[in-house]
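**Q** Dropping the structure in here first, questions after.
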Amino acid sequence: MKPTLTSVDLKVSATSDQLSFGDILTIDFQRTLRIPDDGSVYPLPPGLGNFPICRVDDYATTVPKSWLERGGIFIPMYQREALWLNFTAAEHLPCAVKIAAGKINAVSGQPWDIELSPDGPSADSITDFATDEGEDLPEECDYIVVPEQPWLDGFNVGQGAVRQFVAMPLGLGYTAEGQLTGEENHGGLQIAVYGPTPALLKELSELEIVKMDYQMAFSPEMGLAAGGQMKQKIYPDPHGYEYWDQDNSVCTYVHIINSMAYREITGQEPPSTPISAATYGKYGLPWFALYDEDRREIAAADKLKQIKSVAEMDQQKFGQSLQDDETVEVKSVVKLKAGKPVGGGNW
């Protein structure tokens, strides 16, 4: 008889291109195309390789002093460059994950809170909602479940779409943090991971499972602003929030810096800028979509629907867009099956 797990190890570690939470979850930060902000809703753009990851502690003498208290890791991005988060986890060991940008929850739009929202779906409500075809789960749900959710490309604006994560310097007011709080003190990404409770681990262990650009002279620290729209659903928790062990969780801070600061801190060259969406489309390279028409999604976050995109902020500040948002012809879309993964500090 196989032993039943009673808890999982969530110790955070980092390689040169992956962030790991024990043996339960790995996250890599994917370089990608910045899709046009032209009012269209595009398919999922491709991954163009992982952003390099550096531990803050390894550069204690060259990073900003504020980072030493926050700890975590850092990645380099160019201004107006986009990224998406790729999650990999075992089906038999799911986890709950909270993602924030500048301490603004990317799913709910609410200020960062280390605890899972008690107003999210409960195990009982999962059954209730299953009887109501097409009805959204409560807006207060503020986390995702991996591997149920294979990736996250942007801020939840609902109706099967997200607004792409796009890097912008702090201090200009472009980021979600700046627009919703009036200040830009944090930037970067904040990630919290929760393991399953012993009750869920026992339940799962009894199942038969087959394992399967330019740089500008602003702050070198970056936050995430809203870009163009793409098709992506954020799925509800299939278990219920009480199944996540809030006594067994871990958080980490992902600092984002521009390429010049990365060079100064590490002595290494940052990755080259990615190709444009126009060039990608010109050669007819593939975009991606999920077969998930039968999947429900959590409700749109009203606060995130209100934030202006980078292009809209350009118009507000300068009367014109400062980026190329020419519409791209999507010639090829690769359909992927949903539901399968593809591919500490004091704050």
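**Q** Go through 222-229, 249-256, 307-314 and give me the packing order, highest mean Cβ count within 10 Å leading.
**A** Ranking, from highest mean packing down: 222-229, 249-256, 307-314.
**Q** Looking at region 219-303, which GluC sites (Glu not before Pro) are DSSP coil and have at most 16 other C-beta atoms within 10 Å of their C-beta?
**A** Answer by residue number: GLU293.
**Q** I would also like to ask the following. Work out from phi, with θ = phi - 60° and the Karplus expression 6.51 cos²θ - 1.76 cosθ + 1.60, the ³J(HN,Hα) of each residue of region 181-192, listed in order in whole Hz, and give x for Gly and Pro.
**A** Computed from phi, the couplings for region 181-192 are 10, x, 9, 10, 9, 10, x, x, 10, 10, 10, 10 Hz.
**Q** Calculate the spin-label point distance for GLU115 paired with LEU322, positioning each point 7 Å from the Cα along the beta-carbon direction, and give it in nanometres.
**A** Using points 7 Å along Cα→Cβ, the separation is 4.1 nm.
**Q** Now for a separate question. For GLU203 and VAL334, what does the FRET efficiency come to when R0 = 35 Å and r is the distance between their Cβ atoms, rounded to the nearest 0.05?
**A** Computed FRET efficiency for GLU203 and VAL334 comes out at 0.50.
**Q** Right, something else. What is the sum of charges around LEU48, taking Lys and Arg as +1, Asp and Glu as -1, for the other residues whose C-beta is under 14 Å from the C-beta of LEU48?
**A** Local charge sum for LEU48: -2.
**Q** Per DSSP H run of n ≥ 4, the term is -39500 (n - 2.57); total these for the chain, divide by its residue number, and report the mean residue ellipticity at 222 nm rounded to 500 deg cm²/dmol.
**A** -4000 deg cm²/dmol
**Q** In addition: Along each of its three principal axes, how wide is the spread of alpha-carbon positions in the chain, in whole angstrom units, largest first?
**A** 61, 47, 38
**Q** Explain nothing, just compute: Karplus ³J(HN,Hα) = 6.51 cos²θ - 1.76 cosθ + 1.60, θ = phi - 60°, for every residue of region 14-31 in order, whole Hz, x for Gly and Pro.
**A** Whole-Hz 3J(HN,Hα) from phi for region 14-31: 9, 9, 5, 8, 9, 10, 10, 10, x, 9, 9, 7, 10, 10, 10, 9, 8, 6.
**Q** Enumerate the calculated ³J(HN,Hα) couplings along region 258-267 in order (Karplus 6.51 cos²θ - 1.76 cosθ + 1.60, θ = phi - 60°), each rounded to whole Hz, writing x wherever the residue is Gly or Pro.
**A** 6, 5, 5, 5, 4, 5, 5, 6, 9, x
Computed from the coordinates by the stated procedures, all read-outs in this text should not be read as laboratory data. Here the structure is a predicted model, which is why all the values come from computation and not from measurement. Ideal geometry is used to build each Cβ from the backbone, glycine not excepted, and the neighbour counts take in all protein chains shown.
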